[in-house]
Amino acid sequence: MPKYKMLVFSNPTSADVEASYNKWYNEQHIPDVCRIDGFTGAQRFKFADTGQGPAPTQYLAIYEVEADDVNAAIANLTSKAGTDAMVMTADIDMETTSVQVFEQITEPYPA
């Protein structure tokens with residue numbers, strides 16, 4: 001079965017809600033997403049300022065996806081946003097959120 005990485009770049013709406021945004025993302029959103037068919041795991045990252053300039057977003061989530069039809073898996077995910085199956089929060093800035101999906105073409109190195 002083909003494997004994919006779905007990269008989600010996002011920000012909280014303000015510094016005032018950053019703690020609640022992270023709590024929602026870690027404790028609610030990732031488990032909700034990983035209950036959806038095809039989504040097998042996730043990991044989050046925070047931007048590390050290495051002096052190369054600012055990033056457009058401060059946070060990155062990388063989701064593991066295994067699906068014969070990745071478009072159907074993404075459509076299923078999208079259809080659940082804002083329902084009891086995938087509770088959303090006003091603390092995420094949807095204006096700066098972006099999603100990109102990449103198909104795995106090699107095994108991880110070293111294996």
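Readers should treat all values here as calculations from the given coordinates under stated rules, not as data from a laboratory. Worth saying up front: this structure is predicted, and the values here are computed from it rather than measured. We place every Cβ from the backbone using ideal geometry, glycine too, and count neighbours over all the protein chains shown.
If only the Cβ of Lys and Arg carry +1 and only the Cβ of Asp and Glu carry -1, the dipole of the chain around its Cα centre is close to 140 debye. When the P(r) is computed for the stretch 3-103, the part past 18 Å accounts for 47% of the Cα-Cα pairs. Mean residue ellipticity at 222 nm, helices only, the chain: -5500 deg cm²/dmol; runs of at least 4 DSSP H residues each add -39,500 (n - 2.57), and the sum is divided by the number of residues. Across the stretch 9-21, rounded Karplus estimates of 3J(HN,Hα) from the backbone phi angles (6.51 cos²θ - 1.76 cosθ + 1.60, θ = phi - 60°) give 9, 8, 9, x, 5, 6, 5, 5, 10, 4, 5, 6, 4 Hz, Gly and Pro being marked x. Pairs of Cα atoms nearer than 8 Å and 6+ residues apart set the relative contact order; for the stretch 3-103 it is 51 percent.
In terms of its C-alpha gyration tensor, the stretch 1-60 has an oblate overall shape, because the principal axis ratio a/c (a ≥ b ≥ c, square roots of the eigenvalues) is not below 1.5 and a/b does not outweigh b/c. Length available on full extension from Thr83 to Ile62: 0.36 nm per residue minus the Cα-Cα distance, which gives 5.4 nm.
Here the label points at Asp49 and Ser14, each 7 Å from Cα along the C-beta direction, are separated by 2.1 nm in the simple model.
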